[in-house]
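None of the figures in this text is laboratory data; all of them are computed from the coordinates on show. Here the structure is a predicted model, which means the values were calculated and not measured. So basically every Cβ, Gly included, is an ideal-geometry build from the backbone, and we count neighbours across all protein chains shown.
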Amino acid sequence: MDTSAHQSSRGEWDRVWINASIATMVAVDGSQGNPYGAAGQTALAVRGDRIAWIGTSDEAQAMARAHGVPVEDCGGAWMLPGLIDCHTHLIYGGSRVEEFEKRLCGVSYEEISRTGGGIQSTVTATRAADGDSLLAAATLRARRLMAEGVTTIEVKSGYGLELAAERRLLEVARELGRRLPLSVKTTYLGLHALPKESAHDRANYVDQASGPWLAALAGAGLVDAVDAFCENIAFSIAETERFLGAARSLGLPAHVHAGQLSDMGAAELAARFGALSADHLEYLSPAGAQALAAAGTVAVLLPGAYFTLRQTTPPPVPLLRHAGVALALATDCNPGTSPCTSLLLALNMGCTLFGLTPHEAIAGVTRNAARALGVQDEVGTLEVGKRADFALYRIDRPAELCYNLGANPCAGVVYGGIARLEADGPGGVRS
Ligand code: DI6
Ligand code: FE
C-alpha cells in the first residue's frame, strides 16, 4: 500500500486530525531513527471509513481551510493504529474468582478439580448461561479493552464443547461485533478440553468436533478460523491434525495453542498446515522456530497466562527473532489462566517478562497481530487505503505504552473514521 501523501484529492476528506505524533507501524527495513514510522508527518485525513491521506499539519490546515474540512487538533498526542487483541477467550459464563481465592487460602489444585473447579466449571457455567447474559458479560470485557484503544479482537469459542453451546458462543461473538464499534474475528476452538461426558470416548468427541459440528458452524457463517489446544493435558498431535485437516478441507485458516506446557511438536504441525498463528510457545525447539518462519506463521506470545501460572520458562524470544518469526502479543483473556482485559498490561509483560523491545511489543499488537488474524490488508498499520482505525495517547514516546503498569493514557479512539475523542472510559463507548 502507498503511504505517500498524495493519494486523494483534498476536497474529498471528511475530517482531518492534526498535530499528532504518528506511529504508522509500517515496517521500515533498517530504520534507525524512527522505527515507528512517519517522521515529520503529523496529520491524517479520513474519507468514509478509510485513511485518505497522511502528511504535514501545515498542508492539512491549508486544505481544510480551502475546502471546509472539519479539523481535530490532537494537541501533540501520539496516534497509533487501533490496537488488535489477536487471542482471547472473551465469552464465557461464571467466573473463577472463588477458585483463585481458595487456592490462595491453601486449598490444593487436586481438591479444586475434585470439587468441580477448573476449566470444567467454566464449561458448566457457560452451558447454563443464555445468550443475553453471555453478551452482557463479554460486552463489559470488550469495553475495557476498547477503552485502551483496541479496535479489533479475536474471540474463541471452546467453553461450550457441544454443538449448541459452541454455536451460542460464536453467535454472541458476532453480535458483539455488530453492537460495538469493534471488529470481531471468530475462532471455533473445537479442541479445547475434553468435556466430562466424553471422558471415555475421546475419538468420538474429536470426530464430532471435526465433522458435523465444524460443518454446521462454518455453514452458518460463524467461523473465521479454527483453533486447537495441542498439549499433553488436552489434545494430541494426531487429534489436532485430524481437526486441522477437516478445517483445511473447508478452506478455513487455523490457529494452534502450541508449546504452552511442553514441546510436542505442535509448532511444526501448525507450520505444516500453514496456520495463521501458533500461540504460547514457551516450549519450542529451534526446528519448531524454523518451521514457523518458513511457513510465515506468526508467534503469538501470551504473557498473562505465563504470569498467572507462575511459569518460569519464557518463550525463546531470541530464537524466534533469529529465525525471523513475526511476533505478536495478546491478552489470552480467559477465566482460568489469564483473567486479563488490558492489552497495555500485556505490552508491559511482553517487555518485562519476555524481553521484547517496546517496538517489538507494539508491533505485536498492531502490524503483527493483524497478520495473526489474516487482516493485514485492512488494519494494523496507518496507511492510505486501510480502515481508519486509530487511537490517540497522551504519552511522550511510544515506549511509554509498555512502561506504565496499570495506567491508561488513551485519549480517544477512531473506528472506521468515526471519532470518539473523549476518553469516556469503559462505560461510555458509543454503541
Ligand atoms: N490454554 C490456557 O491457558 C487456557 N486454555 C488454553 O488453551 C486455560 C483455560 C481455562 O483454564 O479456562
Ligand atoms: Fe488461549
Debye log10 I(q)/I(0) at q = 0.07, 0.10, 0.14 Å⁻¹ for the chain, Cα point scatterers:
-0.33, -0.67, -1.26
Listed highest first by mean packing, meaning other Cβ atoms within 10 Å per residue, what order do 101-110, 40-49, 344-353, 145-154 come in?
145-154, 344-353, 40-49, 101-110
Among 83, 410, 291, which residue has its Cα furthest toward the positive end of the charge dipole of the chain, with +1 on Lys/Arg Cβ and -1 on Asp/Glu Cβ?
410
Based on a Kirkwood Rh over C-alpha pairs, give the Stokes-Einstein translational diffusion coefficient of the stretch 174-290 at 4 °C and viscosity 1.567 mPa s in µm²/s.
88 µm²/s
Separation between Cα centres of the stretch 190-215 and the stretch 65-101, rounded to whole Å:
35 Å
Bridge orientation stat for the chain from DSSP, antiparallel percent rounded to 5, came to 40 percent
Sort 113, 210 by Cβ crowding within 10 Å, fewest neighbours at the top.
113, 210
Phi-based couplings in Hz for the stretch 154-163 (Karplus 6.51, -1.76, 1.60; Gly and Pro marked x):
9, 10, 9, 7, x, 10, x, 6, 8, 4
Run the numbers on the chain and let me know its relative contact order in percent, using alpha-carbon pairs under 8 Å that are six or more apart.
19 percent
What order do you get for 243, 229 when you list them from fewest to most C-beta neighbours inside 10 Å?
229, 243
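I need the calculated FRET efficiency for the pair residue 272 and residue 204, taking r as the beta carbon distance and R₀ as 45 Å, to the nearest 0.05. Don't jump to the answer; show the numbers that get you there.
Details: r = 25 Å, r/R0 = 0.56.
Once the sixth-power term is evaluated, E becomes 0.95.
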Could you tell me what % of all Cα pairs in the stretch 230-340 have separations over 17 Å?
50 percent
Say we join alpha carbon atoms closer than 10 Å with springs in a Gaussian network model of the chain; which of 81, 195, 212 then has the biggest fluctuation?
212
Ranked list, fewest to most other Cβ atoms within 10 Å of each Cβ, for 63, 25:
63, 25
Using θ = phi - 60° and the Karplus relation 6.51 cos²θ - 1.76 cosθ + 1.60, list the HN-Hα couplings for the stretch 254-269 in order, rounded to whole Hz, with x at every Gly or Pro.
10, 10, 9, 6, 10, x, 6, 10, 7, 9, 9, x, 5, 5, 4, 4
Less than 28 Å apart at the alpha-carbon level, and either on another chain or at least 8 residues along: which lysines does that give for residue 102?
156, 196
Scattering from the C-alpha atoms of the stretch 97-179 alone, worked out with Debye: what is log10 I(q)/I(0) at q = 0.11, 0.20, 0.21, 0.27 1/Å?
-0.39, -0.95, -0.99, -1.20
Of the candidates 328, 370, 294, which one comes out as most mobile in a Gaussian network treatment of the chain with C-alpha springs shorter than 10 Å?
294
Counting only residues 5 or more places away or on other chains, whose amide H sits under 5 Å from the amide H of residue 53 once H atoms are built in the peptide plane?
45
Note to self: C-alpha centroids of the stretch 234-256 and the stretch 110-181 sit apart, in Å, by 22 Å
Share (percent) of C-alpha pair distances in the stretch 44-134 greater than 19 Å works out to 65 percent
Environment charge at residue 334 (Cβ cut-off 15 Å; Lys +1, Arg +1, Asp -1, Glu -1):
-3
